[in-house]
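Participant: A single structure is presented below for examination.
The values are calculated or read from the model by the stated rules, or taken from the named source; none is laboratory data. Note that this is a predicted model, so its numbers are computed, not measured. Here the Cβ positions follow ideal geometry from the backbone for every residue, glycine too, while neighbour counts run over all protein chains shown. To get the accessible areas, we keep the full protein, side chains included, count just its heavy atoms, and leave off ligands, DNA and RNA. Shrake-Rupley method; radii C 1.70, N 1.55, O 1.52, S 1.80 Å.
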Number of protein chains: 2
Amino acid sequence: MHVRRPATLASLAAELGVSRTTVSNAYNRPDQLSPELRRRVLETARRLGYPGPDPVARSLRTRKAGAVGLLLTENLSYAFRDPAALGFLEGLALACEDAGQGLHLVPVNPEREDVAAVHRAGVDGFVVYSVPDDDPHLAAVLSRPVPTVVADQPIVDGVDRVGIDDRGAITALAQRLIALGHRRVGVVCMRLARDRNDGFAPVERQHAAHFHVQRARLAGIADAFTIAGVEWSRVPVVERFDHSTASGASAAAQLLDSDPQVTALVCTSDILALGALAEAKRRGLRVPQDLTITGFDGIPDGERIGLTTVRQPVLEKGKAAGKLLLGTVDPTRPREITLETELVTGATAAPPRTAEERWFGP
Amino acid sequence: MHVRRPATLASLAAELGVSRTTVSNAYNRPDQLSPELRRRVLETARRLGYPGPDPVARSLRTRKAGAVGLLLTENLSYAFRDPAALGFLEGLALACEDAGQGLHLVPVNPEREDVAAVHRAGVDGFVVYSVPDDDPHLAAVLSRPVPTVVADQPIVDGVDRVGIDDRGAITALAQRLIALGHRRVGVVCMRLARDRNDGFAPVERQHAAHFHVQRARLAGIADAFTIAGVEWSRVPVVERFDHSTASGASAAAQLLDSDPQVTALVCTSDILALGALAEAKRRGLRVPQDLTITGFDGIPDGERIGLTTVRQPVLEKGKAAGKLLLGTVDPTRPREITLETELVTGATAAPPRTAEERWFGP
DNA sequence: TGGACTGACCGTAACGGTTCAGAACCACTA
DNA sequence: TAGTGGTTCTGAACCGTTACGGTCAGTCCA
C-alpha cells in the first residue's frame, strides 16, 4: 500500500490545476478569487485530507507566531500555587485571549540551566515574570529579537516594565506599624538570590539581592524604621528559599526564638504572613494583642482572615503586561506602567503589648 | 543611518566565509567542526547580534515545534481560576517540563466560534481538556495531522484518553447517601451543553448532554438511586452554565425552593458544593444535621472544610495526559488511562433530619 | 473604437533553517 | 606508492507557505 505523504498547498494546487497562490488565497483572502473556485479548492482539500496551511510555514513567512512566550524561572508549580502569580497569569491570559494570541509557557528546568528552550520557542514576544536579574534564561530572552515586557522584576534598561511601587507601598505599611508604636520588629522575606540561604540575611546580602522586588521591599521597610530612629542593621531579617506557608512559619519561629521581645513580624508576602500566623498560634501568641503580623499582596486567603497587608492589583498587572507587549497601549507613553497599591487595614496589627515597649522602645 | 537587517545564518556564513551548514553545525552539532572555527562562529555571531537559529524556521525544517497545545473551550483564564483545571494544568505543565516541551495555551473565545487559533498554533500535538463533544474547536484539532490526547471529555473514537470512572465514582458516593437514608435528593450539575440552560434539566437533556463527564456523573447518581427504588425522572436536577460558587448557591436555592423536603444536595463538583453550602448557611440550615451536601473533585478548599466528596487525582491526570502525548508511556498498552478515585468521608453528610424521613422515605 | 478600470488568477522570490551525500585534505599504514 | 580512515567543511535540495508585482480577459463609458 502506498503511504501518501500529507497533502500540502502545492499538491493541492497541482491537483486542481491552479497556482499555489490561489489555494493560499482560498484560505486567507476569499475576496481574491471567485466563490466557485474557492468552493472547489476547499472541497478538494477535504477530499485530500488537507488540513489547511501549515502554521509553522505560515509563521516563517509572515514573521508572526501568534503567541506570547511566558518565562517564569521558578518551578512551574510555584506559579500554579502562588495566588499572586496565579492572578498575574490569569490577567495575562485574558489579555492574550483578547488579542487572539496564544500563551506559550516556556519550560524551564530550574535544576540545569537549559537555556535552549528559550531559543526554541516560536513566539512574537516574551513576558518575563519575577525572575532574578542574573538569570541566564532572562539573558536568553533579551538576546532574542522580539519585544519583551518584564513584570515586577528584574529592572532591565530599555525593556518595558509593569510593576508597582514596592518600596513606597511597604514604607507606608511600616510607618503604620511605627505609628502604632512598634520599634522592635523582625522581617521575613522571600529568597534574595538564586542560592539557597534559609536563615538571617545580613544587610550586605539584602543590598546585593538579585530579586529586585524583595530588595525594594526590604529597603522600603528600612526607610521607615531608619527615619523612626531604628538602626536597620540591627533589625533581624530572615530569608526563606521556598515560598510557602511552611517557610513563613519556620522563619517566624526562627525570629521569635532569636528575639522573643519582637513585637511585630513584617512579612514580604501574604503567604509568608499566613505561615507566621500559624506559628504564632502554635505558640499561643494572640494576634494582634501579643504579636503584630503583616503581609504583602492582598491574596484572598489573607483577606478572609483580615490580614493587615498591601493589596496589589495582580490581575491588572497581568493584563497590563499583555497589553504592553501586544501594543494595545498608547505608544507615546513611557513604556513603564506602575500600578497603584492599597494599604489594607486588617485585624492583625495593633500596638505592641507593653507600655514600656511602646513608649521607651526595646 | 543604515538600518541593518537582522543577521541570519546565511549572513553570518557570508561574513565568515564559510557555508551555512557550518554555522548551523556550530550551534547544533559542535562535533562536526573544529573547536577553533566554532569559537570564531560564535564570536562573530555575538558581534553581529545574531541570536542563534530562528526557532520557526528550524521548526519548519525539522517538523518539530517543541510545544504541546492545550485546548480548553472555556476562557483561558478559567484554567487559572478553577482548582481542578488548575491542578490538571500544573500536572500537564510538569510533564511538558520534563520533556523539555513548551505548553501552548490556545486562545479560544467561547463567544464567536473562532477556530482559526487552533490552525495557527505551531505545536506537535494537542491535549484537549474537558470540552463538549460537538465543539468546533475539537473538530479543528482533530483535523490537524498531529497526535491528540483527550482529558476527561469528550470520548472520541481512536483518540487517546485519560480520565476517571466518573460514573462508578459518583455511584459509590450516592450509595453512601442511600445507606445514610437519603431518598429525596436534589442534584446540582454543571452545564450539559453549549447552550445556556440555567434551570432544571429534564432526563432527555441529561441523556443528550454534550459534556460526557456530566452525563456520566448524572448517570452514576441515577444508577444508585434507581436501584434504591427512587424513580430518577422525579429527582430534580438543576443545571448551571457558569461554574462558580455563585452558581452552586443559586442552584441550591432553586432546589430548596422547589422542594423544601429535600434532605441532600448532590453536586457534580466541589465548587458547586461550596456554593450550595453557602446558600444553606444563608438559610440557617445546618450541614449536615439539616441538609447533606456532597461535591466532586477533592479541591483544597473543600478539604479544608471537610466536604464529603470524591477525590480525583487532577495533577496525575495532567501528567498522564502529557506523558501519553509525549510518548513516555509503554506503546503496547491500550492508550487509555483511567485513574483511581477515592471516596472522601467528610463532615457534610449525615442521615436525614427526621426519623420518618429516614425510615419511611419522604 | 479606444482607453481606463476591474476581477481573477499566476510566477517568482523569498522566509531562515537542516540535512545528506560527498569533496578536500591529512596522517598513517601496508 | 597506493590505499585507508578520519576530520572538517561544502553544495544543493528541501520544509510549506505568503508577499509582491505582475498578466490577461472582459466591461464600461465617452
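Participant: Can A:VAL56 be described as among the β-branched types (Val, Ile, Thr), surrounded by 21 or more Cβ atoms within 10 Å (Cβ to Cβ) and either in contact (Cβ under 8 Å) with a residue 60 or more places away in the chain or closer than 30 Å to A:THR245 by Cα (or both)?
Facilitator: Taking the combined requirement at face value, the residue satisfies it.
Participant: Can you say whether A:ALA14 is part of a helix (DSSP H, G or I) and more than 23 Å from B:ALA121 (Cα to Cα), as far as the supplied structure shows?
Facilitator: Here the answer is yes, as A:ALA14 does meet what is asked.
Participant: Right, another one. Based on what the data block shows, is A:GLN32 within 16 Å of DNA strand C (Cβ to nearest atom) and among the polar types (S, T, N, Q)?
Facilitator: So A:GLN32 passes the test.
Participant: With respect to the numbered conditions (1) within 13 Å of DNA strand C (Cβ to nearest atom); (2) buried (at least 20 other Cβ atoms within 10 Å of the Cβ), which one is the sole condition not fulfilled by B:LYS64?
Facilitator: The failed condition is (2).
Participant: Determine if region B:78-85 includes at least one residue that is at pLDDT below 95 and at the interface with chain A (Cβ under 7 Å from one of its Cβ atoms).
Facilitator: yes
Participant: Please count how many residues of region A:28-43 are part of a helix (DSSP H, G or I) and either more than 27 Å from B:ALA65 (Cβ to Cβ) or at pLDDT 95 or above (or both). Give the steps one after another, and end with the answer.
Facilitator: Start the filter on region A:28-43 by keeping residues that are part of a helix (DSSP H, G or I), which leaves A:28, A:30-32, A:35-43.
The next check asks that each one be either more than 27 Å from B:ALA65 (Cβ to Cβ) or at pLDDT 95 or above (or both); those that pass are A:30-32, A:35-40, A:43.
Matching residues across region A:28-43 total 10.
Participant: Could you figure out which of (1) open to solvent by less than 10 Å² (accessible area, probe 1.4 Å); (2) facing chain A (nearest Cβ under 8 Å) isn't true of B:GLY122?
Facilitator: Only one criterion is unmet by B:GLY122, namely (1).
Participant: Kindly indicate whether B:ALA57 is within 16 Å of DNA strand C (Cβ to nearest atom), at pLDDT 95 or above, of a type outside the set (Val, Ile, Thr) and not in a helix (DSSP H, G or I).
Facilitator: Judged against the criteria, B:ALA57 is not a match.
Participant: Answer yes or no: is there a residue in region B:111-119 that is open to solvent by 20 Å² or more (accessible area, probe 1.4 Å) and more than 14 Å from chain A (Cβ to nearest Cβ).
Facilitator: Within region B:111-119, not a single residue is open to solvent by 20 Å² or more (accessible area, probe 1.4 Å) and more than 14 Å from chain A (Cβ to nearest Cβ).
Participant: Going by the structure shown, is B:ALA7 hydrophobic (A, V, I, L, M, F, W, C), open to solvent by 10 Å² or more (accessible area, probe 1.4 Å), closer than 30 Å to B:ILE164 by Cα and in contact with a Pro (Cβ under 9 Å, 6 or more places away or on another chain)?
Facilitator: So B:ALA7 does not fit the description; no.
Participant: I would also like to ask the following. Considering each residue of region A:91-120, count those that are outside any helix (DSSP H, G or I) and under 25 Å from A:LEU272 (Cα atoms), and give that number. First the steps, then the outcome.
Facilitator: Looking only at region A:91-120, we keep the residues that are outside any helix (DSSP H, G or I), and these are A:100-115.
Retained after the next criterion (residues that are under 25 Å from A:LEU272 (Cα atoms)): A:108-111.
Summing the residues that are outside any helix (DSSP H, G or I) and under 25 Å from A:LEU272 (Cα atoms) in region A:91-120 gives 4.
Participant: What residue, of B:LEU94, B:LEU48, B:LEU71, is away from DNA strand D (no atom under 12 Å from the Cβ) and either touching a His at 6+ places or on another chain (Cβ under 7 Å) or modelled with pLDDT of 95 or more (or both)?
Facilitator: Values: B:LEU94 fails: either touching a His at 6+ places or on another chain (Cβ under 7 Å) or modelled with pLDDT of 95 or more (or both); B:LEU48 fails: either touching a His at 6+ places or on another chain (Cβ under 7 Å) or modelled with pLDDT of 95 or more (or both).
Among B:LEU94, B:LEU48, B:LEU71, only B:LEU71 is away from DNA strand D (no atom under 12 Å from the Cβ) and either touching a His at 6+ places or on another chain (Cβ under 7 Å) or modelled with pLDDT of 95 or more (or both).
Participant: If you don't mind, another one. Could you say whether any residue in region B:59-72 is more than 26 Å from A:LYS64 (Cα to Cα) and either within 11 Å of chain A (Cβ to nearest Cβ) or in contact (Cβ under 8 Å) with a residue 24 or more places away in the chain (or both)?
Facilitator: no
Participant: Quick one: is B:ARG20 farther than 30 Å from A:ALA85 by Cβ and either of a type in the set (Phe, Trp, Tyr) or more than 7 Å from DNA strand C (Cβ to nearest atom) (or both)? Show your work before the answer.
Facilitator: Values: farther than 30 Å from A:ALA85 by Cβ: yes; either of a type in the set (Phe, Trp, Tyr) or more than 7 Å from DNA strand C (Cβ to nearest atom) (or both): no.
No: the conditions fail for B:ARG20.
Participant: How about region B:257-275: which of its residues are within 24 Å of B:VAL213 (Cβ to Cβ) and open to solvent by 20 Å² or more (accessible area, probe 1.4 Å)?
Facilitator: Result: B:ILE271, B:LEU274.
Participant: While we're looking at this one, here's another question. Does A:ALA7 fit the bill of being out of contact with any Leu (no Cβ under 7 Å at 6 or more places or on another chain), within 13 Å of DNA strand D (Cβ to nearest atom) and either within 14 Å of another protein chain (Cβ to nearest Cβ) or on the phi < 0 side of the Ramachandran plot (or both)?
Facilitator: no
Participant: Is it true that B:GLY181 is modelled with pLDDT of 95 or more, surrounded by fewer than 21 Cβ atoms within 10 Å (Cβ to Cβ) and touching a Lys or Arg at 6+ places or on another chain (Cβ under 7 Å)? First the steps, then the outcome.
Facilitator: On the way: modelled with pLDDT of 95 or more: yes; surrounded by fewer than 21 Cβ atoms within 10 Å (Cβ to Cβ): yes; touching a Lys or Arg at 6+ places or on another chain (Cβ under 7 Å): yes.
Yes; evaluated as a whole, the condition is true for this residue.
Participant: Restricting attention to region A:139-161, does a residue exist that is open to solvent by 30 Å² or more (accessible area, probe 1.4 Å), within 21 Å of A:SER247 (Cα to Cα) and out of contact with any helix residue (DSSP H, G or I) (no Cβ under 9 Å at 6 or more places or on another chain)?
Facilitator: No, region A:139-161 contains no residue that is open to solvent by 30 Å² or more (accessible area, probe 1.4 Å), within 21 Å of A:SER247 (Cα to Cα) and out of contact with any helix residue (DSSP H, G or I) (no Cβ under 9 Å at 6 or more places or on another chain).
Participant: Could you grab me the full set of residues in region A:24-41 that are more than 8 Å from DNA strand D (Cβ to nearest atom), within 14 Å of chain B (Cβ to nearest Cβ) and surrounded by fewer than 13 Cβ atoms within 10 Å (Cβ to Cβ)?
Facilitator: Across region A:24-41, the qualifying residue is only A:PRO30.
Participant: For A:PHE88, are the conditions met, namely being buried (at least 16 other Cβ atoms within 10 Å of the Cβ), part of a helix (DSSP H, G or I), within 13 Å of another protein chain (Cβ to nearest Cβ) and at pLDDT below 90?
Facilitator: Considered against the rule, which asks whether it is buried (at least 16 other Cβ atoms within 10 Å of the Cβ), part of a helix (DSSP H, G or I), within 13 Å of another protein chain (Cβ to nearest Cβ) and at pLDDT below 90, A:PHE88 comes out as no.
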